[in-house]
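Okay, structure first, notes after.
The values are calculated or read from the model by the stated rules, or taken from the named source; none is laboratory data. These figures come from a predicted structure and were not determined experimentally. Positions of Cβ are backbone-derived with ideal geometry, glycine not excepted, and every protein chain shown enters the neighbour counts.
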Amino acid sequence: MNLFFIIPLLIGFAFNSASAFTTFFSARFGERGGRLVCIILRDVLGIPVWAMGLILSILTRSPTLFPTNMIISAIAWLLILLGALVITAGMISLRWRAAAPSIKDTLVVGGLYAHIRHPLYSGMLLELVGLFLWTPSLGVLMACLLGLIWVMLQARLEEMDLLQRLPAYKEYMQHVPRFIPKFNR
């Protein structure tokens with residue numbers, strides 16, 4: 001099995017993770033410069049490169065781990081669609097902050113953000129599970145597991161930055177779960 005897909009996946013994740021340091025970049029390059037650095041790292045270098053790695057994992061010939069059928073495929077597409085809807089709703093709540101974070105951002109606590117701190121990553125986790133069910137190969141499993149690890153790391157890095165930029169984020173963290181909403185409220 002060719003593991004070439006791991007290279008763009010990890011490079012894209014690294015660029016995307018570097019974009020989480022909005023406070024650092026803004027201190028070095030000013031508010032506009034810091035925002036521009038984050039846009040380049042996340043939207044130009046990060047997301048497209050790791051997305052290419054995921055696509056390559058699907059296209060790479062590797063052993064199939066279990067057979068699929070119509071039910072599994074339907075569940076896979078349902079999870080992918082649900083993940084896309086969660087991501088879209090989160091981006092609507094964040095607006096410009098999603099693509100271009102700034103030290104002047106305000107805390108978003110409405111919409112999905114009233115129930116989970118990271119709906120974009122929750123949606124991505126749903127999509128990764130759906131992707132694996134849709135193409136249950138060893139290569140896709142490896143890519144999805146790396147994606148899962150990256151999402152956990154990325155959320156922590158962003159929270160470290162958000163605690164510096166938004167003092168109210170500390171209290172928000174105490175009341176709102178990271179990825180999975182609490183239904184007993």
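At a glance:
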read-out	value
Options S102, S137: the member that is of a type in the set (S, T, Y), touching a residue at least 24 places away in the same chain (Cβ under 8 Å) and farther than 24 Å from I40 by Cβ	S137
Among the candidates S26, S19, S93, residue that is under 17 Å from M124 (Cβ atoms), in contact (Cβ under 8 Å) with a residue 40 or more places away in the chain, out of contact with any Ser or Thr (no Cβ under 6 Å at 6 or more places or on another chain) and crowded, with 17+ Cβ neighbours inside 10 Å	S19
Among the candidates V129, V86, residue that is in a helix (DSSP H, G or I), among the β-branched types (V, I, T), within 12 Å of the chain's Cα centre (by Cα) and modelled with pLDDT of 95 or more	V86
Test result for W77, aromatic (F, W, Y), touching a residue at least 40 places away in the same chain (Cβ under 8 Å) and in a helix (DSSP H, G or I)	yes
